[in-house]
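The values are calculated or read from the model by the stated rules, or taken from the named source; none is laboratory data. Quantities reported herein were computed from a predicted structural model and do not represent experimental measurements. When we count neighbours, we look across all protein chains shown, and the Cβ atoms used for this are built from the backbone with ideal geometry, even at glycine. Protein only, heavy atoms only, side chains kept; ligands, DNA and RNA dropped before computing areas. Shrake-Rupley method; radii C 1.70, N 1.55, O 1.52, S 1.80 Å.
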Amino acid sequence: MRGVKSTGDEEPLLGGKKRRHNEWDSDEGETSFERSASNDGAKAAERRLTYEEAVEAAGFGLFHWLLLLVCGWANASDAVEIVCVSFLLPTARCDLLLSSSDMGLLTASIFLGMMLGGYLWGYLADQRGRRSILVVSLAVNGLFGALASAAPWFWLFLLLRFISGIGVGGSIPVIFSYFSEFMPRLRRGAMISALATFWMAGNILAAGLAWLVIPRTWTHFSVGRLDFQSWRVFVVLCSVPSLTSALIFKLFMPESPKFLMEAGRESDAIRVFRLMFQLNTRGKGASFPDVRLHVSVVQRAYKTETEGCRAGRLINAVKKGVMPLKQMFEGTLRSRSVVLLIIFYCISFGFYGLWMWFPELFARLEGGGSPCANMSAPSGQHNQSCYPVKTIVYEEGFFIAASNLPGNIFTILVMDSFGGKLLLSGSLVMSSLSVFFIYVVQTKVQSLVLSCLFSGVSVIAWNALDVLGTELYPTQLRSSALGVFTGVGRVAAITANVVFGRMVDSSCAVPILLVSVLLLVGGLAALFLPQSKQMALT
């Protein structure tokens, strides 16, 4: 990353600033493992490090930047798979003979799969490990996404997109749990924000591919009786990031050390910390000391308690699966869980309801006017203008996707200073205002500017929510909780897309103003969350 340099004596911070190591470090800048190695071997062997101490001791450097790239590519692949449907609608609606209601169902199908997959994969990640679940979910996402390109009928395309959504629903919550559990406490907020920026990269990649591929006639060919239009080639290309991410995690990435410690696998966790240490020090002669780790008994006790339930009885399996959901609404976690459910519903309805329909809305506004000025024509009349493909629609989609960049940069710079709570509340309120004025304005240029503003501000809310979601829950519930929240968000996204599909031709003002109201409600609800700035993971 530009402006960041790393030496053996100092740790790099985003923006190029340096800081001294924490209390584990000596005045000469040596890492805590180097310092421990110089102590008496018996004392080192007796010393037990907590998870936070071990992460800090492993240092910060090359390993974490490589991890950011790998997890970021996986995050971008999920974004590509989700938004690709919105870019193919202006042309695929002719080949698949889609009405506005059909387009609403199609955009909702992937969210229905994500809703079902979110809790399932999240629960399995908390029980079986983060890495293996990421491999499977990313592979499901990419494989069925690619198969959808060859579907000749709408119902089959809908089914394959739904199955692809099941894979996306697993990788999104698990990737943030996995990534956060390698991060030192003081850097966690900024690094999670940096990871979230790859969602923007996925949006830009999908928009760029749509712009380059869909309007081009040379990508059109036939396979048997299947007329392989350019939008089908676009669908195949959108599956490549997920498949490559699954391969990278399978071949190169370690399991989360936090999960390994919670599972009682101390030696495996030490091997991961050793790998982190070696990459961060870049083999400068320091050796990993013979230390022990404080292994939590919570997860191991939970596993032992439920081990006897594996008798093949369905009722016991259901009880085991529901237990994390029950724990989310007990004690101090109850209030934050309720508030986060409200926020996830509001932001998902607003963002996905509007974002997935941007290309179609702008395709219908080629003659000028406001978003709701030309919506009275029956959807069948719009189908006449699918070909030749209008390049301007994808140019505008690209600009809206690229407008995420300022919001992402802003989040990275201020997250650790202001905390996620303030950024979440403020950005949701600003998003609400921008959507309201999208309805009010009267020209296409004004609509495009406000759409870019909505894109740039709303991404701040998503980034803040990613940070809060990972920091407010303990390890044994983190992926399950994120899976539940994303599942609720998918319900909201499904509802939003069905509402837009039903009403975009007749009462366009209703869904747009509803988005504005819900974003405002979410912004006010965020004020009731606890502050999590630089808090330790439990």
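List, largest first, the extents of the alpha carbons of the stretch 48-177 along their principal axes, each in whole Å.
Computed over the Cα atoms, the extents are 64, 28, 21 Å.
For the stretch 387-473, what class follows from the C-alpha gyration tensor (a ≥ b ≥ c being the square roots of its eigenvalues): rounded when a/c is under 1.5, otherwise prolate if a/b is larger than b/c, else oblate?
Values: a/c = 2.88, a/b = 1.93, b/c = 1.49.
Prolate is the answer for the stretch 387-473, as a/c is 1.5 or above and a/b outweighs b/c.
Two decimals is fine: what is log10 I(q)/I(0) at q = 0.11, 0.16, 0.19 Å⁻¹ for the stretch 98-246, from a Debye sum with one equal scatterer on every Cα and no solvent?
Each listed q corresponds, in turn, to -0.49, -0.94, -1.21.
Heavy-atom accessible area per residue, the stretch 424-523, 1.4 Å probe: how many Å²?
29 Å²
Length gain on complete extension for the stretch LEU247 to ARG282, per 0.36 nm per residue less the alpha carbon to alpha carbon distance? Present the calculation step by step, with values, prior to reporting the outcome.
Values: separation 35, 0.36 × 35 = 12.60 nm, distance 2.50 nm.
So the chain would gain 10.1 nm between LEU247 and ARG282.
For the stretch 398-538, how big is the tail of P(r) above 27 Å, as a whole percent of Cα pairs? Don't skip to the end; give the middle numbers.
Values: 2500 of 9870 pairs.
Result for the distance tail: 25 percent.
Long-range amide H contacts for PHE228: which residues qualify at under 5 Å (H placed 1.01 Å from N, peptide plane, sequence gap of 5 or more or a different chain)?
PHE221, SER222, VAL223
Give the long-range amide H neighbours of LEU49: residues separated by 5 or more places, or on another chain, with amide H under 5 Å away, using H modelled in the peptide plane at 1.01 Å from N.
Those qualifying (amide H under 5 Å, at least 5 residues apart or on another chain) are ARG292, LEU293, HIS294.
In nanometres, what is the gap between the two model label sites at VAL440 and SER506, each 7 Å from Cα along Cα-to-Cβ?
Distance between label points: 2.9 nm.
Report the net charge of residues surrounding MET328, where surrounding means a beta-carbon distance below 11 angstrom and charges are Lys +1, Arg +1, Asp -1, Glu -1. Could the numbers behind the result be given before it?
Values: positive: LYS326, ARG334, ARG336, ARG478; negative: GLU330.
Neighbour charge sum, excluding MET328 itself: +3.
Based on the mean of other beta carbon atoms within 10 Å per residue, what is the order of 60-69, 151-160, 235-244, 348-357, most packed first?
Numbers: 60-69: 18.8, 151-160: 16.3, 235-244: 21.9, 348-357: 25.8.
Highest-to-lowest ranking by the protection proxy: 348-357, 235-244, 60-69, 151-160.
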